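Participant: I have a structure here, written as structure tokens, and I will follow up with some questions on it.
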There are 2 protein chains.
Amino acid sequence: MRTPKDRGVPGAGGTSTINDVARLAGVSIKTVSRVMNNEPNVRPETRQKVQEAATLLHYRPNLLARSLAGSRSFLIGLFYDNPNAAYITDMQRGVITRAREQGYHLLIEPQDSHAPDLVSKISSLLATIRLDGVILTPPLCDMAVVLHAIEAAGVPYVRVSPFLNPGRSPCVRMDETQAAYEMTRHLIAMGHRDIGFIRGHPEHGGSHQRYEGFVRALRESQIEPRPEWVKQGYFSYESGVEAGRSLFAEKTRPTAVFSSNDYMAFGVMASAQQAGIRIPEDVSITGFDDVPGAMLVWPHVTTIRQPVEALAYAAADILLTRQEGEEGEPAPQAPDRLLPFALIERQSVRRA
Amino acid sequence: MRTPKDRGVPGAGGTSTINDVARLAGVSIKTVSRVMNNEPNVRPETRQKVQEAATLLHYRPNLLARSLAGSRSFLIGLFYDNPNAAYITDMQRGVITRAREQGYHLLIEPQDSHAPDLVSKISSLLATIRLDGVILTPPLCDMAVVLHAIEAAGVPYVRVSPFLNPGRSPCVRMDETQAAYEMTRHLIAMGHRDIGFIRGHPEHGGSHQRYEGFVRALRESQIEPRPEWVKQGYFSYESGVEAGRSLFAEKTRPTAVFSSNDYMAFGVMASAQQAGIRIPEDVSITGFDDVPGAMLVWPHVTTIRQPVEALAYAAADILLTRQEGEEGEPAPQAPDRLLPFALIERQSVRRA
DNA sequence: CTGAAAGCGCTTACAG
DNA sequence: CTGAAAGCGCTTACAG
């Protein structure tokens, strides 16, 4: 008779434990622990003996036990509230790629940023399961209450593309302002001076940065943005349709429209089509993000490629590198990591 | 001086433990455990005392400790190898929705189904972290070696849309054959008799079922499928372009093309456009899946809506319901759950 | 209805 | 270079 969960013979179907390995190798469990964690101060022969025993028994350290006894859980949490499937899967892929290099796993925690109990949910989660780090994307990364809850729980976190509170935590980002600036410069270089703009969701920091880059490029060319050509959108296809309708109903029409993201650009294109406005013959369209759909619509959309997966990888890297580092100070003010974007020219823009 | 990880005063910033609650409530930790797990046999007053103490201390049972001591980890794993972002996020959403109802969390484990060490990776993962259940999607759910590894680890699993080995595990699915059958019937009802077909990736069971439904509907109307109108695709946009080119290069052209998924349908549409073939005037197109892009391309694609999120919810439900159930027998041969699909008519089909 | 003891599988802090 | 002891925060199996 053994414990209720009968593990049977070590290595035979059931899982073997550190005790099984220690016994087989003829050492203490502490030595097995040292070997498994690649700690120094183990005689080479001893190390090998242990490794052989571990291999023989198919031994894998139990993550849960390591977590409870030690100071690491080997779990990273990804918090988000974003309906863009491509963005989410790219983020996940980037984080997992880096996490796996170090034996970490990813817990995904989609959150409703408008839920009244958002903070208590996060606090509760963090108390229930000790995460070694959390990655935050917009708009959660700009919510002070969220940051506060995570800080209160003492969990390290990295923010992706934050807007508010720079310096409050390590961050990864691309230069959204510069990207919008360059896109606008591109339109101007193509001969456009009458350019409309569809703003993104006001709760997303990127929306403001993109607008800022747009205005900066315009003014640099002595063009004043015309308020009637700047429409508010919410990053959704539908909001793009509506913004497009409103824009194309103005007395005079711009020759180009810069949408703060691709989905809205698709909406603008649909509204143009309904109004009998041809793209790019009558009006040029540009987007932002380079989602897969940008190659699906016709004409294909000129846009900015966000390095989402690379941002995610970098965010995980900050978390895990610090983890491995000295216990001491949290690395001398880790500077934000800035990743490059790319302007992708396709068929939705033509010379004015 | 306390332990190295100084938790400070219970409830003040740090996390409180079952001991803190027991002390404050004046009971044993076993009683606290009973209350937290909603077990019977606790006097109402005792229960209340404990609950008050727990609330006061912001007590949350440590998931890792529960896992190690008990038989549950409160962790579900989702294994997949699928590039379709919408499918993945829908799956995740469905699983998480159900999992949260019971305090469970989701670990995502994308896998390369062609990796030579796939099985050892899965075995290793399962030994490292005791999951309470695993959900498998195509093509992983049809790989015998994968099923074997999970069974060897003694972890319950549910398969989504499996093709092979029916009855080997609980499954959730929609009737893919019937869906393809109905789509084909729809085309026939619209006057089409010359119908082409783009097959899906041969490693995905659905590919064969969809083709089978197509052929069945055709034969039922005394139409024999023409081999030169059946092209092999691989579920990707590019493979759709290629299949479309090949199809439209045949001496005679079908009046409709049924693609085994939407992305290939988009590719077929692109190849048609390049060949100067109008949709739906010259040829009707249908897809399968109803990905967001189906509403982005023009004309919008008539397709089959898969209940992905509902399938995921159902899969998690099977896992968690069994979890809660009797320890004894694994529920008398849980029947597969069959979920309804929907045929979505849009603009890519017209009467022949 | 309640609790004391043992133990889950590891790591920590220490001693040698 | 190695190990014995204690403990992480819970649940299990019992006893009363």
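The values are calculated or read from the model by the stated rules, or taken from the named source; none is laboratory data. What you are looking at is a predicted structure, and each value in this text was computed from that prediction instead of being measured. We place every Cβ from the backbone using ideal geometry, glycine too, and count neighbours over all the protein chains shown.
Participant: Scan the stretch B:23-51 for residues that are farther than 30 Å from B:V158 by Cβ, within 9 Å of DNA strand D (Cβ to nearest atom) and part of a helix (DSSP H, G or I) and report the count.
Facilitator: Final tally of qualifying residues: 4.
Participant: OK, next. Could you say which residue among A:L140, A:L131 is within 12 Å of chain B (Cβ to nearest Cβ) and buried (at least 21 other Cβ atoms within 10 Å of the Cβ)?
Facilitator: A:L131
Participant: Further, regarding this structure: Name the pairs whose Cβ atoms lie under 6 Å apart, with the first residue in the stretch B:329-344 and within 30 Å of B:G293 (Cβ to Cβ) and modelled with pLDDT of 55 or more, the second outside any loop (DSSP other than H, G, I, E, B) and among the acidic types (D, E), and 6 or more positions between them or separate chains?
Facilitator: B:L343/B:E182
Participant: If you scan the stretch A:24-44, which residues turn out to be more than 9 Å from DNA strand C (Cβ to nearest atom) and farther than 19 Å from A:A65 by Cα?
Facilitator: Correct list: A:L24, A:A25, A:G26, A:V27, A:P40, A:V42, A:R43, A:P44.
Participant: Within the stretch B:162-180, track down each residue that is of a type outside the set (S, T, Y), on the phi < 0 side of the Ramachandran plot and assigned to a loop (DSSP other than H, G, I, E, B).
Facilitator: B:P162, B:F163, B:L164, B:P166, B:R168, B:P170, B:D175
Participant: Something else now. Can you name the condition, by its number, that B:F266 falls short on among (1) over 24 Å from A:V301 (Cα atoms); (2) out of contact with any Lys or Arg (no Cβ under 8 Å at 6 or more places or on another chain)?
Facilitator: Exception for B:F266: condition (1).
Participant: Further, regarding this structure: Applying the selection to the stretch A:76-94, what residues are more than 21 Å from A:G154 (Cα to Cα) and at the interface with chain B (Cβ under 10 Å from one of its Cβ atoms)?
Facilitator: Passing the criteria: A:N82, A:P83, A:N84, A:A85, A:A86, A:Y87, A:I88, A:T89, A:D90, A:Q92, A:R93.
Participant: Just one of (1) at the interface with chain B (Cβ under 10 Å from one of its Cβ atoms); (2) within 17 Å of the chain's Cα centre (by Cα) trips up A:G103, so point out which.
Facilitator: (2)
Participant: Next up: Tally time: how many residues in the stretch A:103-114 are buried (at least 16 other Cβ atoms within 10 Å of the Cβ) and farther than 19 Å from B:M91 by Cβ?
Facilitator: Of the residues in that region, 2 qualify.
Participant: Show me the helices (runs of 4 or more DSSP H) entirely contained within the stretch A:52-138 in which 3 or more residues are away from DNA strand C (no atom under 16 Å from the Cβ) and without any contact (Cβ under 8 Å) to a residue 60 or more places away in the chain.
Facilitator: The helices (runs of 4 or more DSSP H) meeting that bar are A:85-100, A:118-128.
Participant: So, of the residues in the stretch B:222-252 that are small (G, A, S) and within 34 Å of the chain's Cα centre (by Cα), which turns out to be surrounded by the fewest Cβ atoms within 10 Å (Cβ to Cβ)?
Facilitator: Residue satisfying both the conditions and the ranking: B:S246.
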